[in-house]
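Everything on this sheet refers to the single structure shown next.
The values are calculated or read from the model by the stated rules, or taken from the named source; none is laboratory data. Bear in mind the structure is a predicted one, so any value in this text is a computation, not a measurement. Ideal geometry is used to build each Cβ from the backbone, glycine not excepted, and the neighbour counts take in all protein chains shown. With ligands, DNA and RNA removed, areas are computed over all heavy atoms of the protein, side chains included. Shrake-Rupley method; radii C 1.70, N 1.55, O 1.52, S 1.80 Å.
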Amino acid sequence: MEKGFWKQWFQLIPVAGILLAGSVWLVSCNDEYAHYDIEPEWLGASIYDYLKTEGTYSYFSRLIDDVGYTEILSQTGSKTLFVADDAAFERFFQDNHWGVTSYDNLSMAQKKLIINFAMINNAYLIETLSNYFDGGLQLGAALRRTTAISVLDTIPFESGEMLPAGSLWEPYRNGGIYLLKDATSWPIVHFLQSSLENAGITNSDFSLITGVDRIENDAHVFNIRVAERDITCKNGYIHVLEEVLIPPVNIAQHIHKNPDTRIFSGLLERFCAPYYNSAQTNAYNQIHPDRPIDSIFEKQFFASYDGADRYPNGRVINTELLLPFNPGRNSYVRAGNALQSDMAAILCPTDEAMTDYFEAGSGLVLKDRYGSWENIPDDIVMLLLKRHLRESFIETVPSRFSKMNDSENSPIPISTSDVTASYVGVNGVVYMTEKVYPPDDYVSVYGPVLFSEKTRVFNWAIRRNDFRLYLNSLVSRYSFFVPTDEFFRDYIDPVAYAKDVQGVMKYWYNDETGTVNATVYRYDPLTGETGDSVNVITNADFLANRLLDLLDTHVVIGDVESGSLYYFTKNGNSLRVEGNGNDLKVQGGYDIRSGVRVNVIPEGVFEQQNGITYFIDKPIQAPLHSVYKTLSETPEFSKFFSLLSDFTGTSMEVFVKKTNYYGIDFNIKFFNTFNYTVYVPTNEAIQQAIDDGLISDWATIDTISDPTLKTAAMKKLERFLRYHFQDNSVYISGEPVNRIYQTATIKTNELETQFGTYKDKYYRLGITGDGNSLTLSTENYGTASVVTGNGLYNIMTRDYIFNDNPLAYKEVDGTGAGKEFATSAIFTSSTAVIHQIDNVLRFE
């Protein structure tokens, strides 16, 4: 067997996979090495013997002797050792953060840290360091390896002034504490040609990350170049580093220790606590029975992944106060990955950047509201931290900055010029930046709600319904109306409105539970008066459902100060808006019917990056009258209503109240979660169409004895009526209009029409107006105009769909039979505006 074969085989398989017994290498070869006591000449001495005899590693040899590793590295095992020569140690003694000026100044703990951190308990060539097994061989994908270091090599005692601020640390403030910064192993980070290529990390990236330059095929451990590689020994490999390798800390600990990142560190360390670690306490005391420690604690960060989710007393931590991962975990592993393949990253603004942002930048609103970083509530701080904590280092290398998004897919506007320094820790990379990257929550229309103590009801609803992502969209523009807590009363519940006992609700924030409750008061719809409280609802699902409907009704996409009188909300409702700024007045459909105006409170207008937030003095009340109720209760609409209602019970029915259509009363069957316009001819126009034989009324249809002819007459009437229902709500709004809209009647022939509608498509209407009137053009070149003299135009309606018939629930005060009222829910709705017109609409 030739030397070349041995070398190649040895490079493919770590030495740990080859059984070594003393100086005997057991193989199954029938060649010149059949005698087991003969080793290949190229195999070399043991690691210890090589270092001892080479002459330039006296300091490292002394380390091995002093920590008791002489025998281990002389005969047994399979190791990889990163060493430094004596010249490197001399440079180290001249300048190091330990303050050590000579070998004799090194403590035993420091000696153990140096040698154990430089050792991997397996044998790797530089080339094979980048490979690892994870269900299969992963080539060129490894960036990290666990080392031989033990967390028990050093148990630091932290005095009270060294501990983080916060009540959870106060019990140890006076006496101090033995504290592990983390109880997991300390990996090394290596940058090799194949792993850099595999991860798409360029030389420019590497330079910014480590602060040193590299050329092709260079190998680095952290930022220290490998000067000589692959020295083959019989019990492993030696790789010589240019400098002494001192264990870096994890990224959270680096930020804590860095004098230039105290502000960010202070925010981060709000979310950590000391946890008693019985396993490490017992293990240490077994190793050191002569100097036992009563209690060893571990510093853990609150995190949804790989961190603590309970306080030391066992109480569950609110999920809103959990970091995305534990930045203090030495052996951090990105979810779904192996330790070797990736690590974390933190974008850490310097103290100067944090101060500039707070004092003069976009963070000035935080200063105005809270006065100092220390006073900002934890849940608001957490949003900032999450924006700066990155779960993947590979996805955070400088060449990917331009494409970098946060966990909510919002771009982070970082550039390489923002980075003032970098640090490679055992679990990731810290980029110190001269800028702060605030979360969208701070700058969007949600920001004023988040920061205000007056809007906790809406803030709870936004968080509970995951509505903040919608409000935080910076590519959209919104007008967001927010009832402040003191005015959050007298909301008429749609389900209760359909019941015998009607009630209004006052939503209020419960400080004890951290949730919203609703107190129910009796309500007289005729007088508008509110009576005594009759119930308190605490069902979170109910409250979230109702408040979600309110949120949808209080958001307008676009600017409400553009000159129009009417604007559409997120859920298709319409708002009437007059004035601007602090003088702005807004009304929903029920507000208009009741003669109520909703006002912006003093200093209640907030210009944000994606729109304007208005604090208002009551909730906007959407329509509570359906199309059915409005038509049935308006005498001027009686002829049209009669033609529609007599379809009830047939396959062509228009008004329905059954499964999937349960609302306050009856819903329009062909409405489908959209906004519509209903054009209602005057009674005189309907009668004239009947007299002219254009349509048949029900008195005529009922005299038809032939079933086929009767069905045809009914179908013709249905198609005529549906032509008066138009997709999209169109208002007389003060702004001109000139558009074509679909109706609810399908064209069934090939005849030419005014708007060129194809067969099997919906007939259309042409709508024009100068802002004070509307004129309708039909497919058969007819016209009609909206009647404005009697006030029967711009009438807002809403067809709700509930999860069940309102009659299936108890009354809002808890009386009566049926399901609990708090189990009712609004599923969806359709809205419509009703206009009276002076002529019927026809498509024939």
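Can you pull the percent of the stretch 304-402's accessible area that's carbon plus sulfur, 1.4 Å probe, other chains left in place?
45 percent
Using every alpha carbon pair in the stretch 162-273, what percent of pairs falls into each 10 Å bin from 0 up to the bin containing the largest distance?
Per 10 Å bin, starting at zero, the Cα-Cα P(r) for the stretch 162-273 comes out as 11, 30, 28, 19, 11, 1 percent.
Please compute the modelled spin-label separation between Q687 and S399, points set 7 Å along Cα→Cβ, answer in nm with one decimal.
For the pair S399/Q687, the computed spacing is 8.3 nm.
Write down the radius of gyration of the stretch 730-822 and its Dmax, each obtained from C-alpha positions, in Å.
Reported Rg and Dmax, both Å: 20.9, 60.
Towards the positive end of the charge dipole of the chain, with charges on Cβ (+1 Lys, Arg; -1 Asp, Glu), say which of I686, F467, Y793 has the farthest Cα.
I686
As I understand it, the value is the acute angle between the Cα axis of helix 108-117 and the longest principal axis of the Cα atoms of the chain; what does it come to in degrees, rounded to 10?
Once rounded, one gets 70 degrees.
Please go through the residue pairs K499/K658; K629/K819; K618/K810; K111/K257; K386/K435 and name each one whose alpha carbons sit more than 18 Å apart in this structure.
Cα-Cα > 18 Å for K629/K819; K618/K810; K111/K257; rest within.
Are there trypsin sites (Lys or Arg not before Pro) in the stretch 298-385 that DSSP marks as loop and that have at most 16 other Cβ atoms within 10 Å, and which are they?
Those that pass, being in a loop and sparsely packed, are R315.
Note down the nm distance, to one decimal, between modelled labels 7 Å out along Cα→Cβ at K761 and at F827.
Label-label distance for K761 and F827, simple model: 3.2 nm.
Compute the helix-to-body angle for 3-12: its Cα long axis versus the longest principal axis of the chain, expressed 0 to 90° and rounded to tens.
Taking the Cα atoms of the chain, the angle to 3-12 is about 40 degrees.
Identify the GluC sites (Glu not before Pro) of the stretch 388-424 meeting these criteria: DSSP loop state and at most 11 other C-beta atoms within 10 Å of the C-beta.
none
Per residue of the chain, what 222 nm ellipticity follows from adding -39500 (n - 2.57) for every DSSP H run with n ≥ 4, rounded to the nearest 500?
-6500 deg cm²/dmol
Given the options V577, I64, T202, identify the residue whose Cα lies farthest towards the positive end of the charge dipole of the chain (+1 on Cβ of Lys, Arg; -1 on Cβ of Asp, Glu).
V577
With a point put 7 Å past each Cα toward its Cβ, work out how far N728 is from S417 in nm, to one decimal.
Distance between label points: 4.5 nm.
May I ask you to compute the full-extension gain from S159 to N672, defined as 0.36 nm times their residue separation minus their alpha-carbon distance, rounded to one decimal in nm?
178.0 nm
Beyond 22 Å, what percent of the Cα pairs of the stretch 439-545 remain?
The answer is 39 percent, as a whole percent.
For the Cα atoms of the chain, what angle does the longest principal axis make with the long axis of helix 378-388, in degrees from 0 to 90, nearest 10?
70 degrees
Among the chymotrypsin sites (Phe, Trp or Tyr not before Pro) in the stretch 589-678, which ones are in a DSSP loop with at most 14 other Cβ atoms within 10 Å of the Cβ? Mind listing them? Walk me through the numbers before you get to the answer.
Details: sites: Y590, F606, Y614, F615, Y628, F637, F640, F641, F647, F655, Y661, Y662, F666, F670, F671, F674, Y676; in loops: F647, Y661, Y662, F666, F670, F671, F674.
Qualifying residues, ordered by number: F670, F674.
Calculate the tail of P(r) for the chain: the fraction of all Cα-Cα distances greater than 40 Å, expressed in %.
55 percent
Taking the alpha-carbon distance from K181 and a cut-off under 18 Å, which aspartates and glutamates remain once sequence neighbours fewer than 8 residues away in the same chain are dropped?
Partners found: D153, E158, E161, E170, E269, D294, E298, D306, D309.
Which part of the stretch 739-773 falls in the paramagnetic zone of I704, meaning amide N under 20 Å from the point 7 Å along Cα-to-beta-carbon?
745-749
Could you pull out every residue, at least 5 positions away or on a different chain, whose amide H is within less than 5 Å of the one on L143? Hs are placed 1.01 Å off N in the peptide plane, and Pro or chain starts have none.
S341, D342
Just the number please: accessible area per residue for the stretch 175-231, 1.4 Å probe, all protein chains included, in Å².
Numbers: 2180 Å² over 57 residues.
I get 38 Å² per residue for the stretch 175-231.
Accessible area per residue of the stretch 483-613 at 1.4 Å probe, in Å²?
43 Å²
Let a ≥ b ≥ c be the square roots of the eigenvalues of the Cα gyration tensor of the stretch 87-242; is it rounded (a/c under 1.5), or, if not, prolate (a/b larger than b/c) or oblate?
Numbers: a/c = 1.87, a/b = 1.60, b/c = 1.17.
Because a/c hits 1.5 or more and a/b exceeds b/c, the stretch 87-242 counts as prolate.
What does the convex hull of the Cα atoms of the stretch 621-690 come to per residue, in Å³, rounded to a whole number?
Hull volume normalised by residue count: 110 Å³.
Among all the aspartates and glutamates, which ones have a C-alpha under 17 Å from K710's C-alpha, if same-chain residues fewer than 8 places away are not counted?
Cα-Cα hits under 17 Å: D646, E653, D697, D702, E718.
Take the Cα atoms of the stretch 362-485, build their convex hull, and give its volume per residue in Å³.
It comes to 131 Å³ per residue, whole-number rounded.
Using alpha-carbon pairs under 8 Å, 6+ residues apart, how would you state the relative contact order of the chain in percent? Before the final figure, lay out the partial values.
Numbers: 1733 pairs, mean separation 67.2, N = 844.
This gives 8 percent for the chain.
Taking amide H positions as placed in the peptide plane 1.01 Å from N, state which residues far from G663 in sequence (5 or more) or on other chains have amide H under 5 Å from it.
F802
Once amide H atoms are placed 1.01 Å from N in the peptide plane, what residues at a sequence separation of 5 or more from V536, or on another chain, have their amide H within under 5 Å of its amide H?
Result for V536 returns V520.
In debye, nearest 20: dipole of the stretch 696-771 around its Cα centre with unit charges on the Cβ of K, R (+) and D, E (-)? Working shown, then result.
Working: 10 positive and 10 negative charges, 43 e Å.
Roughly 200 debye for the stretch 696-771.
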